[in-house]
Amino acid sequence: MINSFQDPEVVKTLKDKITKISHELKENIKICHVCGTHEYTISHWGIRNLLPSNIEVIAGPGCPVCICPSKDIEHCIWLAKQGYILATFGDMARVPCEKGSLLSARAEGADIRVVYSFLDAMKLAKQNPERELVFFSIGFETTAPMVAIELINKSIPRNLSILSSHRLVPPAMELLLNAPEIPLHGFIAPGHVSAITGSKVYEPLSNKYKKSIVIAGFEPVDVLFGILSILYQIKEKNFKTENLYPRVVTREGNKTALEAIKIAYSVIDANWRGIGEVQKSGLEISEKFEEFNIRLKEKLPPVSSVEMPSGCRCAEVILGKIYPDECPLFNRKCTPENPVGPCMVGIEGTCAIHAKYGSNFPLV
Ligand code: SF4
């Protein structure tokens with residue numbers, strides 16, 4: 001069923017307006033999004049094919065399993081091999097690191113359980129009172145509140161610990177804005193994350209760096225409207241944060257979720273796989289709830305220093321420096337069925353999305 005956000009007539013109108021303004025601008029414009037679901041929309045609907053050749057939309061670090069440090073995966077494998085039940089999301093279980101993946105550890109006998117939410121992990125802990133469990137908690141601002149609220153409500157079973165690998169999106173956007181090798185004109189900010197953070201979280205970035213940041217939804221009309229709005233801002237030299245997704249996102253965000261994040265976590269400098277350390281971009285369980293922090297309960301061993309598998313160019317894909325088909329392993333040695341690197345694993349990985357829908361480039 002076609003809804004109004006997929007209407008071909010509206011798409012054509014937006015495409016024509018983008019083409020017109022791109023001719024007026026007469027310069028190459030690079031726009032970055034930081035959300036796997038936006039990459040899905042762009043690739044699935046062939047949006048790059050609709051754009052004039054001087055308008056490029058690149059995928060930034062918007063896939064939470066792709067940027068999850070190999071160190072944390074290795075530690076989870078180690079914990080599972082010590083006898084813990086290790087619960088995590090399905091995509092995370094397949095992400096490879098130097099020591100294999102959580103699923104390969106399961107094949108060797110480790111007790112790895114795939115869950116759909118933290119509530120499932122809590123249920124699992126209650127069903128197994130004689131066992132110790134660890135929940136490998138990953139994701140951006142969208143998933144962090146789930147654990148936070150249960151910590152605050154004191155509803156987490158005593159036999160359940162957490163390994164937090166949550167990351168915050170705005171610090172990674174700022175890192176990109178400071179990278180001269182990736183000259184960006186603007187961002188399409190992630191709709192889901194923004195539903196939690198609110199649009200105001202981006203205002204300091206658009207003001208400081210004089211860049212356009214538009215929050216867009218996930219339909220083709222949303223994304224094209226986002227691109228058009230960035231082009232208008234560039235034309236008018238009026239760089240600001242604009243919320244184009246008011247049906248979901250407010251300026252203030254989800255105050256309950258934000259308050260829970262503030263209480264339950266401490267903001268730390270954190271490693272992003274393929275990027276390195278990003279200041280104030282990670283969420284660690286706060287001291288108040290330290291009895292649930294597995295990093296404090298167990299002496300975790302040193303890990304391999306190999307961040308990416310040999311030949312994998314995810315580090316460049318994650319930063320939008322190359323497209324997946326520029327990696328020599330793409331769709332040869334590395335496929336969605338047998339991923340070599342993290343970007344080929346999940347539904348939000350740029351390589352996995354391009355393997356399914358192709359790398360679409362401007363035809364005009
Ligand atoms: Fe890494 Fe595979 Fe993507 Fe190449 S195609 S960058 S090996 S995930």
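Rounded, prolate or oblate, given the Cα gyration tensor of segment 49-183, with a/c below 1.5 counting as rounded? Prolate.
What would the Debye equation give as log₁₀ I(q)/I(0) for segment 1-356 at q = 0.07, 0.09 Å⁻¹, counting only Cα atoms as equal point scatterers? Listed by q, the Debye log ratios stand at -0.30, -0.50.
Given a Förster radius of 35 Å and the C-beta distance between E291 and V248 as r, what FRET efficiency does 1/(1 + (r/R0)^6) yield to the nearest 0.05? Numbers along the way, then the final one.
Details: r = 36 Å, r/R0 = 1.02.
The pair E291/V248 has a calculated efficiency of 0.50.
The length gained on full extension between D269 and T335, counted as 0.36 nm times the residue separation minus their Cα-Cα distance, comes to 20.5 nm.
If you add up the charges near E174, with Lys and Arg at +1 and Asp and Glu at -1, over every other residue whose beta carbon is less than 12 angstrom from its beta carbon, what do you get? Could you put the intermediate results ahead of the total?
Numbers: positive: K208, K211, K280; negative: none.
Once positives and negatives cancel, what remains is +3.
Give the residue from I182, P309, Y209 lying farthest towards the positive end of the charge dipole for segment 1-356; charges sit on Cβ (+1 for Lys and Arg, -1 for Asp and Glu) and the dipole is referred to the Cα centre. Checked the options; the winner is Y209. Estimated from helices alone, the mean residue ellipticity of the chain at 222 nm is -10500 deg cm²/dmol (sum of -39500 (n - 2.57) over DSSP H runs with n ≥ 4, per residue). Looking at segment 100-184, the trypsin sites (Lys or Arg not before Pro) that sit in a DSSP loop and have at most 12 other Cβ atoms within 10 Å of their own Cβ are K154, R158. Dipole check for segment 1-356: with +1 at the C-beta of Lys and Arg, -1 at the C-beta of Asp and Glu, and the Cα centre as origin, the magnitude is about 260 Debye.
Of the residues Q82, M122, A107, the one whose Cα sits farthest toward the positive end of the charge dipole of the chain, with +1 on the Cβ of Lys and Arg and -1 on the Cβ of Asp and Glu, is M122.
Taking a ≥ b ≥ c as the square roots of the eigenvalues of the Cα gyration tensor, segment 162-217 is oblate, since a/c reaches 1.5 or more and a/b is not larger than b/c.
Taking Lys and Arg as +1 and Asp and Glu as -1, the other residues whose beta-carbon sits under 14 Å from that of K26 total 0.
Please state the equivalent ellipsoid semi-axes for segment 208-364: what are the square roots of 5 times the Cα gyration tensor eigenvalues, largest first, in whole Å? If you can, show how the numbers build up before the last one.
Details: eigenvalues 193, 162, 42 Å².
Those come to 31, 28, 15 Å.
Give, in nm to one decimal, the length gained when the segment between K126 and S104 is fully stretched (0.36 nm per residue of separation minus the Cα-Cα distance).
Working: separation 22, 0.36 × 22 = 7.92 nm, distance 2.60 nm.
This chain segment gains 5.3 nm when fully extended.
Separation of segment 273-345 and segment 156-176, taken as the distance between their Cα centroids, equals 13 angstrom. Taking label positions 7 Å along the Cα-Cβ direction at both N28 and S155, the computed distance is 5.2 nm, reported to one decimal. Cβ-Cβ distance of K81 and K20, R₀ of 45 Å, FRET efficiency by 1/(1 + (r/R0)^6): the value works out to about 0.15. All distinct Cα pairs of segment 16-125 go into the 1/r average, and the inverse of that average, the Kirkwood radius, is 16.9 Å.
Just order 200-212, 298-310, 64-76 by mean Cβ neighbour count inside 10 Å, highest at the front, would you? Could you put the intermediate results ahead of the total?
On the way: 200-212: 17.7, 298-310: 13.2, 64-76: 24.6.
Those peptides, ordered most packed to least, come out 64-76, 200-212, 298-310.
Each of F5, C35, F289 was placed along the dipole of segment 1-356 (beta-carbon charges, centred on the mean Cα), and the one lying farthest toward the positive end is F5.
Calculate how many DSSP beta bridges within segment 212-364 are antiparallel, expressed in % of all such bridges and rounded to the nearest 5.
On the way: 7 of 11 bridges.
Roughly 65 percent of the beta bridges in segment 212-364 run antiparallel, per DSSP.
Where a number appears in this text, it was derived from the coordinates with a stated rule and is not lab data. Bear in mind the structure is a predicted one, so any value in this text is a computation, not a measurement. Ideal geometry is used to build each Cβ from the backbone, glycine not excepted, and the neighbour counts take in all protein chains shown.
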